[in-house]
Structures are given as C-alpha cells and as structure tokens.
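Colleague: This is the structure I have questions about; it appears just below.
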Amino acid sequence: LAELGQAKVRLWVVVVSAVYVIIRWAVIDGPIPFPADYAFVILPLPAALAVRWLLICAGFGAFALFLLLHVRRYPGHFRWRRIGAMIVEYSTYTYVLIAGERITMPFFALIVATALSNGMRFGSRYLVIAATLSQASLVAMLAFSSFWRANISVILAFSIIAFALPAYAFALLRQTAD
C-alpha cells in the first residue's frame, strides 16, 4: 500500500511539473505582458526548452506509470524496486536541475520531498538511502554544471536542507518506533 502511494505521488509530480513548464512557456506569448525581469518565478521559458522539459515529463511519467502498474501487479516489499525507483527519481531531478539551472531551481524541493516521502513510507533505512542520494545529486550538480559551481552558496544551502530535514525525520521515526 505504501509503495502504491509513492507510485501515485510520482504521477502527481509529472502533472505538476508539466503544468509548471506550460505556465512558464505561456508567459512568452500569453495575454499578460510581463517585463523580462519581472520575477524569478515568472522567468519565460522558450518554446524549444519547454518542449524538451515536457518530453522529460513524458519520459518520467512513462516510468512512473510502469512502476505503478508493476506495484499493482506484484505488490509487496521489493527492496531493489524501491531503490531503483529512487535512483531514477534522483537522476531525473538532478538532470533537470543541471540542464535547467535557475529556471528549474524550484525542483530542488522534489529532492527533499523524495527523501522524506521514502522515509515516512518505508522506514528509516530508506530515509538514509534517499538522503544519501540527495547529497549525491548535489555533488553531481557541482561536478557537471558551471552554473551550480558559480552558485556554491545555493548548493550549500540545498545541502544543509537536504541533510537537516531527513535527519530530523530520522530522529522522529526513531522516537515513534520506541
């Protein structure tokens, strides 16, 4: 049941991400003219980039749907399915953050949410695995993106958040287990 819930969350992530991309795309040709420097959240997204992000949403959506169907067909605790799903999630979010730079910065929330969600659904062992993958994502962002290397203070803040929230959740899981 927990794994089915997590699989459904992935589909919602796809829907919300696609809506985010479409809204950003619509700002360029939308009915309300925004100045170019209006606000960080309303940065326009060129059509070619929007199509690329929507293709990423479609690919991740296909993975999420396959996983949902697999969980329904083969319910139960399959450690490698859970870990594999986390690896695909973190790889996708990391790629999006590397390729999208500041336009996709709000997607960092997915990195933390994935760690917390896996921990709350599957226990402290999966929380530790997910938190470790969160930090690995941030290291990959530094290794493969000059934008993130130039914004090291943002990465440090992300790293602290991606460590502190799962660590607190870990402590709470331990207390509730006792």
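Colleague: Of all accessible surface on region 61-178 at a 1.4 Å probe, what whole percent is carbon and sulfur?
Modeller: 69 percent
Colleague: To the nearest 500 deg cm²/dmol, what mean residue ellipticity at 222 nm is calculated for the chain from DSSP H runs of n ≥ 4 alone, each contributing -39,500 (n - 2.57), summed and divided by the residues? Numbers along the way, then the final one.
Modeller: On the way: 7 runs with 144 residues, N = 178.
It comes out at -28000 deg cm²/dmol, rounded to the nearest 500.
Colleague: Tell me the net charge near Trp148. Cut-off is 11 Å between Cβ atoms, Trp148 excluded, with +1 for each Lys or Arg and -1 for each Asp or Glu.
Modeller: +1
Colleague: With bins 5 Å wide starting at 0, give me the P(r) of region 101-145 over every alpha carbon pair, in whole percents.
Modeller: 6, 23, 26, 22, 13, 8, 3
Colleague: Report the local net charge at Leu68: Lys and Arg +1, Asp and Glu -1, summed over other residues whose C-beta lies under 9 Å from its C-beta.
Modeller: +3
Colleague: With springs only between Cα atoms under 10 Å apart, run a GNM on the chain and tell me which of Val19, Val112, Val71 wobbles the most.
Modeller: Answer for the Gaussian network model of the chain: Val19.
Colleague: Using a Gaussian network model of the chain whose springs link C-alpha atoms within less than 10 Å, name the residue from Ala50, Ala115, Ala157 with the highest mean-square fluctuation.
Modeller: Ala157
Colleague: Quote the relative contact order of the chain in percent (integer), defining contacts as alpha-carbon pairs under 8 Å separated by 6+ residues.
Modeller: Relative CO of the chain lands at 20 percent.
Colleague: Which one of Leu11, Leu127, Leu49 has the biggest mean-square fluctuation once the chain is modelled by GNM with Cα springs under 10 Å?
Modeller: Leu49
Colleague: With the cut-off at 1.5 for a/c, could you classify region 120-178 from its C-alpha gyration tensor as rounded, prolate or oblate?
Modeller: prolate
Colleague: Please state, rounded to one decimal and in Å, the Kirkwood hydrodynamic radius that the chain gives when every pair of distinct Cα atoms enters the mean of 1/r.
Modeller: So the Kirkwood estimate lands at 17.3 Å.
Colleague: Which number comes out as Rg/Rh for region 75-115 once both Rg and the Kirkwood Rh are worked out on C-alpha atoms?
Modeller: Answer for region 75-115: 1.10.
Colleague: So, counting K/R as plus one and D/E as minus one, what does the shell of residues with Cβ under 14 Å around Ile87 add up to?
Modeller: Counting the neighbours of Ile87, the net charge comes to +3.
Colleague: Could you work out how far helix 79-100 tilts from the main Cα principal axis of the chain, as a 0 to 90 degree angle to the nearest 10?
Modeller: Taking Cα atoms only, the helix is inclined about 20 degrees.
Colleague: Let me ask something else about it. Find the Rg to Rh ratio for region 73-163, where Rh is the Kirkwood radius over alpha-carbon pairs and Rg uses the same atoms.
Modeller: When Rh is taken as the Kirkwood radius, the ratio is 1.01.
The values are calculated or read from the model by the stated rules, or taken from the named source; none is laboratory data. Only a predicted model underlies this, so the values are computations on that prediction, with no experimental measurement involved. Here Cβ is always computed from backbone atoms with ideal geometry, including for glycine, and neighbour counts include all displayed protein chains. Surface areas here come from the heavy atoms of the whole protein model, side chains and all, with no ligands, DNA or RNA. Shrake-Rupley method; radii C 1.70, N 1.55, O 1.52, S 1.80 Å.
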